[in-house]
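A short reminder: the numbers here are calculations on the coordinates, not readings from a lab. Treat the numbers as computed from the prediction; the structure is a model and nothing was measured. Using ideal geometry, Cβ is built from the backbone for each residue, glycine included, and neighbour counts are taken over all protein chains shown.
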Amino acid sequence: MKFSTQLLLPSFLALAPSASAASPTDLQAQIGHHVIYSYPGLEPPAQLLDLIAEGKVGGIIIFGENVGDNLTTTIDNFQNTYMQSPYYSGSPLFIMTDQEGGKVRRLPGGPVESAKQIGQAADPEAAATQMGKDAASTLATYKNNVNLAPVLDVYREAGDFADASERSFSNSSRVVGTCGSAFISAQQSAGVVAAAKHFPGLGAAGAGENTDLQPVTIDLTIEELRKVDMAPYTKAIAAGVDMVMTSWATYPALDPAYPSGLSKTIIQDELRGRLGFKGVTITDAVEAGALEAFGDQAARGIVGCAGWY
């Protein structure tokens, strides 16, 4: 397959709090360690393996179109190529997917129930614990080591964005926090990284407000954001969540100029400062329509890096 920048694009920008001592000296490789790539179809382009060998890839995100009989062999090839690279950091590539449960499952297997069904269970905490175990088992089968879940959005109205596909556990921040932290603990205990999302929360987004397609503004007071939307993250952080994904919505009460994933105020002051999160932060897809005002993907990455450190 011929390489095409339209097909092989950075899908996420994942940034650790600081560069490790094992980071390569080559600047391009240092930057590349913070980029997660996607690829089309069942067979990755050869150029993706070249980028991995050059230390310019931090990980790969797996979508449904990548899933076939050869997926685990392909992932082994990714990891082996990286391990043989002079830029190998000592840790494997992030191989990640969205295995939220219900309708949002990129890999065959559990969890079969949606987050909303878990939140409505007789014992939501126990159900969420099993959900996390099921997710970890599925990811391990396909040699994925990061699950971009759970969703910690607290939906407001039935049928709104977070509720439409039953991705939210509940319209109660208490239930969302309880389920999310149980999911995180169970999944991470089984060796799979959890990424709580979408900080500081997309629960107030309406049915048609999708940041993948367009800019979205969450016009809530800072008091409501902290009391309702960010409350589940307090429990997630206490549970030891390894990763937090930011949203691409704009929150004028926190930062009127930048969407969450580009906002130093939201990431540094709220997430890391006020809530004390010390793990890895990751953005949603950098090609999102919500970022149309911030230039091309390279420009968006630069703005994001400037805001996160």
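Computed values, structure above
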| read-out | value |
| --- | --- |
| Residues Phe63 and Thr217, FRET efficiency given R0 of 45 Å [Cβ-Cβ distance, rounded to 0.05] | 0.95 |
| Fully extended contour minus Cα-Cα distance, from Gln47 to Glu157, at 0.36 nm per residue | 35.1 nm |
| Under the span-like rule (Cα at least 15 Å along the axis, Kyte-Doolittle mean at least -1.0), DSSP H helices of the chain | 71-83, 124-141, 173-189, 297-308 |
| Neighbour cut-off at most 12 other Cβ (10 Å), DSSP loop, GluC sites (Glu not before Pro), the range 216-283 | none |
| In sequence order, calculated HN-Hα J values of the range 190-200 (Karplus, 6.51, -1.76, 1.60; Hz; x Gly/Pro) | 8, x, 10, 5, 9, 10, 6, 8, 10, 5, x |
| Whole-Å distance, taken between Cα centres, linking the range 217-277 and the range 88-136 | 22 |
| Additional length obtainable on full extension of the chain from Ala293 to Ala207, 0.36 nm per residue less Cα span | 28.7 nm |
| Cα-centre dipole for the chain with unit charges at Cβ (Lys and Arg positive, Asp and Glu negative), debye to 20 | 620 |
| Cubic angstrom per residue, convex hull over Cα atoms of the range 105-280 | 103 |
| Charge dipole (the chain, unit charges on Cβ, about Cα centre) - positive-most of Val104, Pro259, Ala126 | Ala126 |
| Ser189/Ala126 FRET efficiency (R0 22 Å; Cβ-Cβ; nearest 0.05) | 0.90 |
| Electrostatic dipole magnitude of the range 105-280 [Cβ: Lys, Arg +1; Asp, Glu -1; Cα centre; debye, to 20] | 600 |
| Given the chain, longest segment not containing exposed loop trypsin sites (Lys or Arg not before Pro) (DSSP; at most 11 other Cβ within 10 Å) | 104-277 |
| Dipole in debye (nearest 20) - the range 187-294, about Cα centre, beta carbon charges: Lys, Arg +1; Asp, Glu -1 | 520 |
| Beta bridges by DSSP in the chain, antiparallel share as percent, to the nearest 5 | 35 |
| Cut-off under 5 Å, modelled amide H: who pairs with Ile95 long-range | Ile60, Asn145, Val146 |
